[in-house]
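The values are calculated or read from the model by the stated rules, or taken from the named source; none is laboratory data. Computed from a prediction, not measured in an experiment: that's the story for all the values here. FYI the Cβ positions are ideal-geometry reconstructions off the backbone, even for glycines, and counts take in every protein chain you see.
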Amino acid sequence: MSIDLRQALGELPLVAILRGLEPDRALAVGQVLVDAGFRIIEVPLNSPRPFDSIRILADAFGARALVGAGTVLRREDVTAVRDAGGRLIVMPHGDTAIIHEAKNQGLACVPGVATPTEGFAALAAGADGLKMFPAEAMPPAVVKAWRAVFSSETLLMPVGGITPERMADYLAAGANGFGLGSALFTPTMTPEAVREKAAAFVTALGSARRC
């Protein structure tokens, strides 16, 4: 049985954003992330041959992790992601046409939003959660304010500039999870370096939850 978005976030509310991943490194990087407990892996479509990487990751880890694409900017890319075995569509914006396409094809969709207006429109279109982007411009106080007006069931996920040290305040404000970019992975990192970064995030998350 495949894992869904809420189940994956329940196991570990961290999304690995592998921007710049090369397909020949996908298996090794994916393995260290899954071993560290990551259950959501996103390959942005502005990476080299992203559909190849998605297919490799989905084939190897699809039963244990939700694999999909980020930086999805065109409706037709939703089909390509699905055909590669991806089951998650993540966007930097709130294009409702892409949300509808993802849901029509049975994929989870987390669009990027920066205002409550965008957030409510995305949810009305069928979004499974909201990517609060960029988080650098949306501190924990913003998450707390949003949490007062969005349903408690709404997934709020800050993305952009998240480091291990920043997570505790966001969690206290009501964040449900985080997208992790260059603080977790860059194309020049060795798998061992990614393993160390992943472990640091997992440890920091555990500490934040105990506070």
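Numbers for the structure displayed
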read-out	value
Any hit, segment 156-175, residues being within 17 Å of the chain's Cα centre (by Cα), buried (at least 19 other Cβ atoms within 10 Å of the Cβ) and within 22 Å of Ser2 (Cβ to Cβ)	yes
The lone exception for Lys131 - which of (1) part of a helix (DSSP H, G or I); (2) within 21 Å of Ser53 (Cβ to Cβ) it fails	(1)
Where Arg195 falls short, out of the listed (1) more than 20 Å from His93 (Cβ to Cβ); (2) of a type outside the set (S, T, N, Q); (3) surrounded by fewer than 17 Cβ atoms within 10 Å (Cβ to Cβ); (4) touching a helix residue (DSSP H, G or I) at 6+ places or on another chain (Cβ under 8 Å)	(3)
Of all residues making up segment 160-211, the number that are aliphatic (A, V, I, L, M) and not in a helix (DSSP H, G or I)	6
In segment 46-78, the residues that are surrounded by fewer than 19 Cβ atoms within 10 Å (Cβ to Cβ) and aliphatic (A, V, I, L, M)	Ala60, Ala63, Leu73
Single match in Val29, Val34 (criterion: closer than 14 Å to Pro13 by Cα and not in a loop (DSSP other than H, G, I, E, B))	Val34
Residues of segment 54-77 satisfying the condition of being assigned to a helix (DSSP H, G or I), over 16 Å from Ala8 (Cα atoms) and within 16 Å of the chain's Cα centre (by Cα)	Ile54
Any hit, segment 132-153, residues being touching a residue at least 40 places away in the same chain (Cβ under 8 Å) and within 20 Å of Gln7 (Cβ to Cβ)	no
Qualifying residue in segment 160-174 (condition: aliphatic (A, V, I, L, M) and in contact (Cβ under 8 Å) with a residue 60 or more places away in the chain)	no
Where a residue in segment 77-101 is under 23 Å from Gly160 (Cα atoms) and its partner, wherever it lies, is at pLDDT 95 or above and basic (Lys, Arg), with Cβ under 8 Å and at least six apart	Val90/Lys131; Met91/Lys131; Pro92/Lys131; Ile98/Arg74; Ile98/Arg75
